[in-house]
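The values are calculated or read from the model by the stated rules, or taken from the named source; none is laboratory data. A quick note: this is a predicted structure, and the numbers were derived from the prediction, not measured. Ideal geometry is used to build each Cβ from the backbone, glycine not excepted, and the neighbour counts take in all protein chains shown.
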Amino acid sequence: MINIAVCDDDLEITKSINKLLMKYQDERDLDFTVDLFNDGSGLKSSILKGKKYDLIYLDIEMRQMNGIATAKYIRSIDTTVLLIYVSNYDNYLKELFEVEPFRFMSKPINDKRFYMFLDLAIDRIRRANGIYCFRFNKDILTVILRDVIYFESCGSRVHIVLKGKLYKFYKKLDDVEKEISVNYSIPFIRIHKSYLVNFQQIRKVGYTEVETKDGRILNISDTYKKDVRARYSKLLWDGDV
C-alpha cells in the first residue's frame, strides 16, 4: 500500500489530483490510500497522529499554514517522503529547495506531466520500501521484500514464499538475485541453487542448513557453505537487521 496526501486549498485541484491518482491506481493494479486536505494544518495534524505518507502533493499559498511552513515541519520528522509542489508561484523557489522537493508542477495540471512524475515517484518509493514487482500470466503483482521469507527455484518458475502465502512466476533465480542486489537494499543470501533467503527472516545458520524465523529448515549446498557463513556473519556485524 502506498500512502498519498494531497494538500491544496483549491477544492477543484484536490479533486482533479485524486481522480488522476485513482485512474493510475486502477490501470496499474496498485493499492493507494489518498487523504485530502485544504490547508497545511490539517496535514500536520494527520502526521502528528502517526500517519506516514510516501508521497505528498502540496500547494504553496494556503490560508492557515502555507506549503513552505508545512514542508519544513514535515522535513523535521520525515526526510524520505516525496514532496511534489503544485503551484503557480515560482518566487518561492529558493525556500522550496531547502525542503528538497521531488518535483514541481504548475497549475492547471497537465495530465501527461502528472503521470510522468508519478511514474518516477512510484519507482523511487518501490525501491525505498522494497516493493518487488513481477508478472504472472497477464497480471502485474507486488510483494514487500522484507515480508518475503525466501525465493525458491522450481523448474522454469520461481516461488515467492511468505508467511501464509505463495506466489509463482516465470524467471530464473539467478536473475532474481541480480535484480534484488542491484535495485534494493534489503539483503538476501543465496544458500543453494534453489534458495535465495531473506537475511532478515533467518533465525539461525548452521553448517548444513538455515532455520527461518517461522521454523522452516532449508538446506545449504556444499557450493555455498563458505559464502553463506561469511555473508551472514558480515551482515550481523554490520548491524543490517
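Condition first: among the aromatic types (Phe, Trp, Tyr) and assigned by TED's automatic domain parsing to the domain that holds residue 75. Can you find one or more residues in region 135-143 that meet it? No; the residues of region 135-143 include none that is among the aromatic types (Phe, Trp, Tyr) and assigned by TED's automatic domain parsing to the domain that holds residue 75. Got at least one residue in region 22-44 being buried (at least 20 other Cβ atoms within 10 Å of the Cβ), under 18 Å from residue 114 (Cβ atoms) and either in contact with a helix residue (DSSP H, G or I) (Cβ under 9 Å, 6 or more places away or on another chain) or at pLDDT 90 or above (or both)? No, the conditions are met nowhere in region 22-44. The criterion of at least 2 residues that are without any contact (Cβ under 8 Å) to a residue 60 or more places away in the chain and touching an Asp or Glu at 6+ places or on another chain (Cβ under 8 Å) is met by the following helices (runs of 4 or more DSSP H) wholly inside region 18-110: 40-48, 67-77.
Mind checking whether some residue in region 203-213 is of a type in the set (Val, Ile, Thr) and touching a residue at least 60 places away in the same chain (Cβ under 8 Å)? For region 203-213, residues of a type in the set (Val, Ile, Thr) and touching a residue at least 60 places away in the same chain (Cβ under 8 Å): present.
Taking region 151-209 and the strands (runs of 3 or more DSSP E) fully enclosed by it, the elements with 2 or more residues that are touching a His at 6+ places or on another chain (Cβ under 7 Å) are at 165-170.
Matching residues to (1) under 26 Å from residue 146 (Cβ atoms); (2) in contact with a Lys or Arg (Cβ under 9 Å, 6 or more places away or on another chain):
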{"position": "47", "(1), (2)": "yes, no"}
{"position": "57", "(1), (2)": "no, no"}
{"position": "72", "(1), (2)": "no, no"}
{"position": "86", "(1), (2)": "no, yes"}
{"position": "97", "(1), (2)": "no, no"}
{"position": "100", "(1), (2)": "yes, yes"}
{"position": "125", "(1), (2)": "yes, no"}
{"position": "129", "(1), (2)": "yes, yes"}
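For region 1-17, enumerate the residues that are crowded, with 20+ Cβ neighbours inside 10 Å and not β-branched (Val, Ile, Thr). Scanning region 1-17 gives 5, 7, 8. Of the residues making up region 108-140, those that are more than 18 Å from residue 83 (Cβ to Cβ) and within 10 Å of the chain's Cα centre (by Cα) are 130, 131, 132.
For the condition without any contact (Cβ under 8 Å) to a residue 24 or more places away in the chain, surrounded by 14 or more Cβ atoms within 10 Å (Cβ to Cβ) and not charged (D, E, K, R), residue 173 qualifies. Please work out if residue 206 is on the phi > 0 side of the Ramachandran plot and either surrounded by fewer than 19 Cβ atoms within 10 Å (Cβ to Cβ) or not polar (S, T, N, Q) (or both). Against the criterion (on the phi > 0 side of the Ramachandran plot and either surrounded by fewer than 19 Cβ atoms within 10 Å (Cβ to Cβ) or not polar (S, T, N, Q) (or both)), residue 206 does not qualify.
Residues checked against (1) over 28 Å from residue 124 (Cβ atoms); (2) of a type outside the set (D, E, K, R):
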{"site": "161", "(1), (2)": "no, yes"}
{"site": "188", "(1), (2)": "no, yes"}
{"site": "209", "(1), (2)": "yes, no"}
{"site": "212", "(1), (2)": "yes, yes"}
